[in-house]
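The values are calculated or read from the model by the stated rules, or taken from the named source; none is laboratory data. Just so it is clear, the model here is predicted, and its values are computed rather than measured. With ideal geometry, Cβ positions are generated from the backbone for all residues, glycine too; neighbour counts draw on all protein chains shown. Just the protein is used for accessible areas: all its heavy atoms, side chains included, with ligands, DNA and RNA removed. Shrake-Rupley method; radii C 1.70, N 1.55, O 1.52, S 1.80 Å.
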Amino acid sequence: MTTLTVELDGGRNAFLPGEAVEGQVSWDLEAAPRSLEVRLFWYTSGRGDADQEVVAVEEVPTPAASGWLRFSFRLPPGPYSFSGQLVTLAWAVELVAPAEGVAGRADLVVGPERHEVRIDAEPPPSPIQKTRKSRGS
Amino acid sequence: MRAADNPFRVQRLVRLSYRLEEPTWEALLARFASLGRRAALVGPEGHGKSTLLGELGARLARQGFELRAITLRRGERRLARPARERLLAGLGPRHVLLVDGAQELAAWQWGRLRRASRAAGGLLVTSHRPGLLPTLHECCTSPALLAELIAELAVATAAPLPPAAELFARHDGNLRAALLDAYDRYAERLP
Amino acid sequence: MAAFRITTRTTTGGSPSVVGKLTGSLFFLVFAALGLGLGGFFAATLWRGAASWRWEPAQCRVLGASVKEQLFTLPPAEAAATADAYALSVTYQWDRHGRTYGGDHLGSGGGYRSYGEAAKAAALYPPGAMVRCYVDPANPAAAVLRRPALWAFALLGVPLLFAAFGIGGVVTLWRRGRRPPAGASAPRSQRTRKGAGRGCAVAVFGVFALFGAGFMVPFAFPLARYLGSRDWVQAPATIVWSGVGAHSGSDSTTYSVDMLYEYEHGGRRYRANRYNFSIGSSSGREGKEAVVAGLPAGAQTAAWVDPRDPSVAVLDRTLGSFIWFSLIPGVFVLIGVVGMTASLLAGRRKAAGLDWLPSGAAAGGGAASTSTALAGGGSVRELAAAPGTSGALSAAGVPAGPLTLRPGKSRVGSFVALLFAALFWNGIVSVFLVSMRSEGKLFHDGCATLFLVPFVLVGIGLLLSVPYGFLAMFNPRVEVTLSTPLGPGAAVALAWRFTGASGRMRRLVLMVEGREEATYRRGTDTTTVKRTFARLVAFDSDDPARMPQGETLVLLPPDTMHSFQSSHNKVTWTLVVHGDIPRWPDISDEAALTVYPAALLAGGGTPS
């Protein structure tokens, strides 16, 4: 059976920007993968097509069919994990065997208070609307 | 509502499966074979052509065919050379070409692609209008289908939606537009 | 609140059509042809002139050197047009295979505009001196004193750059193609190449700047001469000959004022042929004919004489309007420099892992840059560092010190655009109306009349909006300064000042809005949705005394999102300035703000 897992130290999954993300990856594949990497990245979901960016990569040197490895990443100052009505941005650490097309993932939250920034509530109404003259806008 | 919690988020919409009412998948694949594996999926925007193309492609891949796929954007009247090379280089009978949005190609470009694809084992396209190739399947939508998709996406969520028939009519049967409309209605709900 | 949603449907920009590519190719081919043609011509000329570089060095004895005053010896019409008023003449001899040869061939140059320059050159060849010369090995009777400078070959780079730009443009145009979407694989993350294409952008903008600079050189000389002529003295002069010189080029004829005049300075008689500081010739015959008619042969006038070299003089010391043409290449230089700076800054941010911060954020350096305009009536905004702070950027690209925002697209620009659109639209529609009326169809052919109705209505709408745009041009203008860059939870002093008739405002609202934006593409369809998620009213008053200028505190909530931008998703922040003016178009300006994550504002280092 093929398994790839990412475990964060202490089961912790919430971080401040700039903090270190540490943990351990382990894998058990049918054959030795051509290459294996641990990636720190963010991705979006919601009303728009998904965007994502890999921020840091640690490559596993000459991986065997199964094994484990400790990793450590330093988080950048942003972007924060956030959720609006249209866009959610989330962070994750993923263990990927690119050639085999398989991966395991652990989600994490990066925010100023160690939680996701919520921007999905409605804002107060605009004061301009009240006085706006009758013209197309 | 958080965008990632919205049951109609784009990442879920693209994973919806095509509801083939009739004939069966096997019959459809047999018909494709009988047409010399040169055929088109026809229907207006938002009627599931791209989804059906993807699913037929997956089944052809399981039959042992190697897929070469391309999606044309609106107004993309010709294939850029890198794309054409990736699509046509070293074509053999084990290859099937999938062309999403073939109606966008200029007539001479389409003719050229069609000629070049003779070496391939198959050519399956989607188009808004019939006539490019024999029609394999005409993609239709119905209020019932929209209701079924909504039910699948928004399980156990109190629906802030109008009846599927109303939503269906408002978007002229364009299910993609209807489902994005549903997204917007859900998005405005309080967390 | 659906009222705050703006949905735009746009056609996806696919590859350019064949017609587009052909047009583009034509554009680039003109560049390439120009470059290759000029380059070939240059190269052939240079190669012929450089023959003496293959000759053998030898020692020559100078017999004598003198400066010939060409303006006194040439026929007047020729003298008035020559560029070489003074000619250096050197006679010398050399020994070859036991024989002595003599000659007076200089080899390169020899013509001078002023006596001073020519005399200085002559001083290098005192009689009896041994100087280096070059003898043709095939013909020992042929020798030169000077070889043409080889740096002229460096000039070949300019036309070759043209050619490279043209050819490169054609090649990329036809090779560029959209990649098909990659198949979805189980891993969610994908590694992408960073920084691709940036070097290309810098190169293209660099070529722009170089072209511009190259074309500005001809304007630099007259300008330098003009600036150096401040202390010149006047001397009475007599016109010897005057006429309009015609120079037929490949496609048009240009004209020049050709003058020959005589004056005295320091007890010596001089002749000069420069009318003013402009160089070369230009189109437009009438103006030059008028100048010539005013100064016929024999006329008495005054010349401006350079006291340091009295052989240098002009009749008209003003710079002339031609110098404004230098603004045309100046625009190229500006585009090039701004583009290069922006590309390099973008690259620096990318290297710092900050490409998710909107690009407007980097516009702190002295050069102002415009950020992209929002769909839905947004305006082009400038974000520039306040004067005096030099707008230093930290390594992470956060501007230090106060920021000055000048919201609002150029109102004159929008008015002109509106006026042009109205004239264009109505011009075309009126052609149809007039032709239908002359055919007697108007109001008689119901179908055709009905068809025209929407077009006429749009035309009327455009016409009605022209006065509105005109009035809006005279609205007060606002300048807003932020004490420090914005960040979640940071208190920032916002100061504003209106210039213009701000007393007419009845109510002023300053607020900061946060918006999220998402774009979805499927098949041939693209939809973009925007939503306002935060709205902070910084100032809202109908007290006229408080409107013209003031200061207020902006405090973004600590738990809100900073500015963010990726291919399909964005979080943007905007300063909205709204002023109500009774019976007048309202002030409605927007300026893009960049809200930085706290770690960047706190001086946090760049990410690892």
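Note on region C:412-465: semi-axes of the ellipsoid equivalent to its C-alpha gyration tensor, largest first and rounded to whole Å, are 26, 11, 6. When only alpha carbons are used to place a centre, region A:81-123 and region C:217-258 end up 70 Å from one another. Against chain B, whose longest principal axis is taken from its Cα atoms, helix B:107-116 shows a tilt of about 60°. Only the Cβ atoms of Lys and Arg (+1) and of Asp and Glu (-1) were treated as charged; on that basis the dipole of region C:59-177 about its Cα centre amounts to roughly 500 debye.
Considering only B:C139, B:P44, B:G121, and ranking their Cα positions along the charge dipole of region B:36-150 that arises from unit charges at the beta-carbon of Lys, Arg, Asp and Glu, the one farthest toward the positive end is B:G121. Its relative contact order, with pairs defined as Cα atoms under 8 Å and 6+ residues apart, puts chain B at 32 percent. Each Lys and Arg Cβ is given +1 and each Asp and Glu Cβ -1; about its Cα centre, region C:265-316 then shows a dipole of about 220 debye. The C:H247 and C:A33 beta-carbon pair, evaluated with R₀ = 30 Å, returns a calculated FRET efficiency of approximately 0.80.
What residue among C:T253, C:Y468, C:N569 has its Cα farthest toward the positive end of the dipole of the protein assembly as shown, where the charges are +1 on Lys, Arg and -1 on Asp, Glu, each on the Cβ? Of the listed residues, the answer is C:T253. Under the combined filter of DSSP loop state and at most 12 neighbouring Cβ atoms within 10 Å, region B:70-170 retains these trypsin sites (Lys or Arg not before Pro): B:R94.
The mean count of C-beta atoms from other chains within 10 Å of the C-beta of residues in A:89-96, rounded to a whole number, is 3. Since only B:L87, B:L29, B:A58 are under comparison, the one whose Cα sits farthest along the positive direction of the charge dipole of region B:1-100, derived from C-beta charges on Lys, Arg, Asp and Glu, is B:L87. Based on C-alpha pairs under 8 angstrom that are at least 6 apart in sequence, region C:487-608 has a relative contact order of 34 percent.
Both chains summed, the buried accessible area for A and C stands near 4600 Å², from protein heavy atoms and a 1.4 Å probe.
Assign one of three labels to region A:33-121, namely rounded, prolate or oblate, based on the Cα gyration tensor with a ≥ b ≥ c the square roots of its eigenvalues; rounded applies when a/c is under 1.5, prolate when it is not and a/b is larger than b/c, and oblate otherwise. Taking the square roots of the gyration eigenvalues as a ≥ b ≥ c, region A:33-121 is prolate. Under conditions of 4 °C and 1.567 mPa s, region B:49-143 yields 94 µm² s⁻¹ as its translational diffusion coefficient, taking Rh as the Kirkwood radius over Cα pairs in the Stokes-Einstein equation.
Could you check how much of the accessible area of region C:200-300 is carbon and sulfur, as a whole percent, using a 1.4 Å probe? Result for region C:200-300: 59 percent of the exposed heavy-atom area is carbon or sulfur. Using only Cα atoms, locate the centre of region A:1-58 and the centre of region C:423-498, then give the distance between them in Å, rounded to an integer. Between the Cα centre of region A:1-58 and that of region C:423-498, the gap is 52 Å.
For chain B, the fraction of C-alpha pairs more than 20 angstrom apart is 58%. Rounded to the nearest 10 degrees, the angle from helix B:49-62 to the longest Cα principal axis of chain B is 60 degrees.
Across region A:89-106, coupling constants 3J(HN,Hα) worked out from phi with the 6.51/-1.76/1.60 Karplus curve, θ = phi - 60°, read 10, 10, 9, 7, 10, 10, 9, 10, 9, x, 5, 7, x, 10, 7, x, 9, 10 Hz, and Gly and Pro carry x. Computed with the Debye formula from one identical point scatterer per Cα of the protein assembly as shown, without solvent, the log10 of I(q)/I(0) at q = 0.05, 0.06 Å⁻¹ comes to -0.49, -0.67. Averaged over peptide C:510-521, the number of partner chain Cβ atoms lying within 10 Å of each residue's Cβ comes to 6.
In region B:56-89, comparing the full protein assembly with the chain on its own, the residues that lose 40 Å² or more of accessible surface at a 1.4 Å probe are B:T71, B:R73, B:R74, B:E76, B:R78, B:A80, B:R81, B:R86. What's log10 of I(q)/I(0) for region C:59-162 at q = 0.13, 0.14 Å⁻¹, Debye sum over Cα points only, no solvent? Once normalised to I(0) and log-transformed, intensities are -0.60, -0.67.
What does the charge dipole of the protein assembly as shown about its Cα centre add up to, to the nearest 20 debye, if the Cβ of each Lys and Arg holds +1 and the Cβ of each Asp and Glu holds -1? Please report the intermediate quantities before stating the final value.
Numbers: 98 positive and 74 negative charges, 329 e Å.
Its charge dipole is roughly 1580 debye.
Scanning the protein assembly as shown for cysteines with no neighbouring cysteine C-beta under 4.7 angstrom from their C-beta gives B:C139, B:C140, C:C200, C:C447. Between region B:21-88 and region B:120-191, what is the separation of their alpha carbon centroids in Å? If you average the Cα positions of each part, the centres end up 19 Å apart. In this simple spin-label approximation, C:R99 and C:Q234 carry label points 7 Å from Cα along the Cα→Cβ vector, and these lie 6.1 nm apart. Helices in chain A, meaning DSSP H runs of at least 4 residues, each add -39500 (n - 2.57). Divided by all residues, the mean residue ellipticity at 222 nm is -500 deg cm²/dmol.
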